[in-house]
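Visitor: Following this message is one structure expressed as structure tokens.
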């Protein structure tokens, strides 16, 4: 009886070990395609928006678009980052919303910053409201 319990315990532990390895492989794939942001600052004057911050990504680029109430008002654009001595690179995005913003007063426009994986799918989206 002890022998059977010992075999069941070993099989259970072996199965748990295999699950963790597959999760780690998936995390590694996501990290390669991802982008991280910090020190994001959004300054607005009238309908002109200046977004500054720092980004860290292996691909030296990230993407953004602007949405209002779930509708895209500025289509996707790519930001190329300059080479730097550290993992974090400075960026600046200048936006003119004067012809796009409807001033619906329901919810503010949102700038969406994100990376893309090898299939071109959005990863690590960051939603930042623009206070107009």
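The values are calculated or read from the model by the stated rules, or taken from the named source; none is laboratory data. Predicted, not measured: the structure shown is a model, and the values here were computed from it. Because the Cβ atoms are built from the backbone with ideal geometry, glycine has one as well, and the counts that use them run over all protein chains shown.
Visitor: Which ones in the range 32-41 are in a strand (DSSP E or B) and farther than 20 Å from residue 131 by Cα? Don't jump to the end; show me each part of the working.
Guide: Let us first name the residues in the range 32-41 that are in a strand (DSSP E or B), namely 35-41.
Residues satisfying the conditions are 35, 36.
Visitor: Taking residue 42 as the residue in question, decide whether it is under 19 Å from residue 122 (Cβ atoms), more than 15 Å from the chain's Cα centre (by Cα) and at pLDDT 90 or above.
Guide: Numbers: under 19 Å from residue 122 (Cβ atoms): no; more than 15 Å from the chain's Cα centre (by Cα): yes; at pLDDT 90 or above: yes.
It is false that residue 42 is under 19 Å from residue 122 (Cβ atoms), more than 15 Å from the chain's Cα centre (by Cα) and at pLDDT 90 or above.
Residues are listed down the side, and each one gets a yes or a no for (1) out of contact with any strand residue (DSSP E or B) (no Cβ under 6 Å at 6 or more places or on another chain); (2) touching a residue at least 12 places away in the same chain (Cβ under 8 Å); (3) outside any strand (DSSP E or B):
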| residue | (1), (2), (3) |
| --- | --- |
| 43 | no, no, no |
| 54 | no, yes, no |
| 67 | no, yes, no |
| 91 | no, yes, no |
| 99 | yes, no, yes |
| 108 | no, yes, yes |
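Visitor: Give the range 90-109 a look and list any residue that's modelled with pLDDT of 90 or more and surrounded by fewer than 18 Cβ atoms within 10 Å (Cβ to Cβ), or say none.
Guide: Applying the first criterion (modelled with pLDDT of 90 or more) to the range 90-109 yields 90-96, 109.
Matches in the range 90-109: 90, 92, 93, 94, 96.
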